[in-house]
Structures are given as structure tokens and as C-alpha cells.
Amino acid sequence: MNRNNSGQVKRPGWLTIRVRSGDNLDYVEKILADNHLNTVCREANCPNRMECYDRKTATFMILGRICTRNCRFCNVTGGEPPPLDDEEPARVAEAVDKLDLKHVVVTSVTRDDLPDGGSGHFVRVVEAVRARCPGVIMEVLIPDFKGDRDSLEKVIRSRPHVINHNVETVPRLYCALRPQADYSRSLTLLRRVKDGNNGIKSKSGIMVGVGETKEEVLGVLKDLRDSMVDFVTIGQYLAPSKEHYPVVEYIQPDRFAFYREEAYRMGFEYAASAPLVRSSYHAADMLRAGG
Ligand code: SF4
């Protein structure tokens, strides 16, 4: 494995991020700033930000910028979060309107400090966006609400088109990468999204290159399908900094193609699998393709 001077695995030539520029960049950034809104695009330093902004889409991050957890791969700041911002749902709706978004993705930090884990706030955002932009497609990328069923039911009752919850990695690596999370709790949450035949699409995703084996990834795909998950995303982990969990391996593009084929063979309606794929990347295409 090629390593650089500080011993980190060298990023391969085929993993280049084409920096795009365009008028939409400034436009989107200004709308977000004017409305005091956070995006996971910026917080997670997402490599696709330029492309998504250009396509007039962004993933809003609600419930503040401080997470009560501290996953080793994540660029979001951990600590004691501020109180809820009751104006946030209206501001998200205003930004959606101004950006003329057709497919809105709303995610959040994890708020284990709140009795309902922030699920009530998710519902208020979905309702505010729907009231202001009736035809918009709503996708929520939710935390695990510590497995609380009522919190999840609240979000399900708000009827987003897609409920996404990432399992992020293989169960063996949970202790090292996301010690406050629980793999089977996440699978239970995803299965519950599909209870009651409510027409909501479920979605999950993992990052690879953190030391998992091919067999472990196939195991996760099978577990997700057994939990009736419709859409899956698989992307290369990129360490936000030297302090974060190191990249163990840059997975070759043909391995991503293999995972995609296996996912379709297992029955996923849509599988996005490539180095720069992220949870909300081309989210609108998924729903269009998944019907
Ligand atoms: S729970 Fe989510 S936002 Fe919080 S540290 Fe983990 S990945 Fe980041």
C-alpha cells in the first residue's frame, strides 16, 4: 500500500475531485447564510458539494452543529448542543422555496440530550417545507433516536417520501468507528420504517475503506435487504483530518461495481456505489428510478 510521509495511505490517481465553479455556488451559499442554515455538505466537507449546489440541491443539517456523539469518521463537532431553534423549520422552508428545490434532504446531528431525540423537530421541518412548497419530495436522513419507537413513528407519520438511516459500516467496526451506535438497533429502525406498508421508501448507506472485508460488506447488504431496505449507497471513506479514523484502503472502482451488481441481485430498487457516492448524492435520481 502506497503511503505518504505521514504514513497515511496515498490517495490513488483515479480518486480525483473535480472542483466545479458556477454562479449557483454563490447563490446557494448566500441563501444558506442569509437563513442561518447548516448543511451536512459543508460540515462533512462533502466532495460533491460543488456539483450538488450546481444542481440546486443541498442537504440541510438541523438540530444545530454540535452532536452528542463522537463518531471517529465524522467531521461534525461533538459536545454539549445549544437549545432547539424553533425558527429553524420556517427558515429551512424559506430556503427550499428560494432555491426552488424539487428534492429536499434533511439530516441532523444526533441529539441524545433531547427526550424525543429531535424527532419532533424533524416533523416540524417536514411540515413547514410541505406547507410552503407542496410538491417537493421530502427525504429525511435520521439518527437512531436511541431505538425509541415513538420517536420514529412520529417521523413516519409525517410521511416523508424517503426515510434514510445509515448503518455506516460493518458491525465488527462499530466499536472503533461509532461506539455509541448499535448495528442491530439500526436494522430494527429500518425494518420498522417498512411496517404498515406506508409507501415510504427506506434507504441506508455505508462507507468502505475502513478495514472491512468484501464478505462483511455483502453481509451488510443482505441484512439491509432482510430489513426490506429499498435504496443503498456505498462510497469511499475519506478522512476529514489526520485526527480522524485513518483510511485503511482506497477501494478500487471495479469493487464498487461488484457491490452494485450484488445489491441489484439481492433486490435493492436502487444502488449507488462508487468512490464519491454519499448518502444524498443524486438522491432525486433514486426516487425517480425506484418509482
Ligand atoms: S452521530 Fe452522526 S453527526 Fe454525530 S458524530 Fe456520529 S456521524 Fe457525526
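Considering only region 207-214, I want to know if a residue exists there that is under 20 Å from Val277 (Cα atoms), open to solvent by 20 Å² or more (accessible area, probe 1.4 Å) and assigned to a helix (DSSP H, G or I). Yes, some residue in region 207-214 is under 20 Å from Val277 (Cα atoms), open to solvent by 20 Å² or more (accessible area, probe 1.4 Å) and assigned to a helix (DSSP H, G or I). Can you tell me which residue within region 68-114, out of those that are assigned to a strand (DSSP E or B), touching a residue at least 40 places away in the same chain (Cβ under 8 Å) and within 12 Å of the ligand (Cβ to nearest atom), is nearest to the chain's Cα centre (by Cα)? Looking at the filtered set, the residue picked out is Thr107. Checked against (1) touching a residue at least 40 places away in the same chain (Cβ under 8 Å); (2) within 16 Å of the ligand (Cβ to nearest atom); (3) part of a helix (DSSP H, G or I); (4) open to solvent by 10 Å² or more (accessible area, probe 1.4 Å), Thr188 passes all but condition (2). When region 136-155 is filtered for residues that are touching a strand residue (DSSP E or B) at 6+ places or on another chain (Cβ under 7 Å) and within 23 Å of Arg69 (Cβ to Cβ), the ones remaining, listed by number, are Glu139, Val140, Leu141, Ile142, Pro143, Val155. Annotation note: Cβ proximity below 8 Å between a residue of region 170-183 that is at pLDDT 95 or above and open to solvent by 20 Å² or more (accessible area, probe 1.4 Å) and a residue that is in a helix (DSSP H, G or I) and within 13 Å of the ligand (Cβ to nearest atom) (sequence gap 6+ or interchain) occurs for Asp182/Tyr174; Tyr183/Tyr174. Hey, could you check region 20-42 for residues that are part of a helix (DSSP H, G or I) and either hydrophobic (A, V, I, L, M, F, W, C) or open to solvent by less than 20 Å² (accessible area, probe 1.4 Å) (or both) and say which is nearest to the ligand (Cβ to nearest atom)? The qualifying residue nearest to the ligand (Cβ to nearest atom) is Val40. Among the conditions (1) part of a helix (DSSP H, G or I); (2) touching a Pro at 6+ places or on another chain (Cβ under 8 Å), Gly235 misses just one, which is (1). Taken over region 53-67, the criterion of being outside any loop (DSSP other than H, G, I, E, B), crowded, with 20+ Cβ neighbours inside 10 Å and either within 9 Å of the ligand (Cβ to nearest atom) or modelled with pLDDT under 80 (or both) is satisfied by Tyr53, Met61, Cys67. Of all residues in region 150-175, those satisfying the criterion of being on the phi < 0 side of the Ramachandran plot and within 13 Å of the ligand (Cβ to nearest atom) are Asn164, His165, Asn166, Val167, Thr169, Tyr174. Scanning region 109-137 for residues that are surrounded by 24 or more Cβ atoms within 10 Å (Cβ to Cβ) and touching a helix residue (DSSP H, G or I) at 6+ places or on another chain (Cβ under 7 Å) turns up Gly117, Ser119, Phe122, Val125, Val129.
Would you confirm, using the coordinates I've provided, whether His121 is within 16 Å of the chain's Cα centre (by Cα) and more than 14 Å from the ligand (Cβ to nearest atom)? Spelling it out, it is not the case that His121 is within 16 Å of the chain's Cα centre (by Cα) and more than 14 Å from the ligand (Cβ to nearest atom).
Picking from residues in region 43-52 that are of a type in the set (A, V, I, L, M, F, W, C) and more than 15 Å from the ligand (Cβ to nearest atom), the one that is surrounded by the most Cβ atoms within 10 Å (Cβ to Cβ) is Cys52. Is at least one residue of region 126-137 outside any helix (DSSP H, G or I) and within 13 Å of the ligand (Cβ to nearest atom)? No. How many residues are in a loop (DSSP other than H, G, I, E, B) and within 20 Å of Asn48 (Cα to Cα) when one looks only at region 245-277? Looking only at that region, the number is 8.
The values are calculated or read from the model by the stated rules, or taken from the named source; none is laboratory data. Just so it is clear, the model here is predicted, and its values are computed rather than measured. Note that each Cβ is placed from the backbone with ideal geometry, even for glycine, and that neighbours are counted across all protein chains shown. All accessible areas refer to the heavy atoms of the entire protein, side chains included, with ligands and DNA or RNA removed. Shrake-Rupley method; radii C 1.70, N 1.55, O 1.52, S 1.80 Å.
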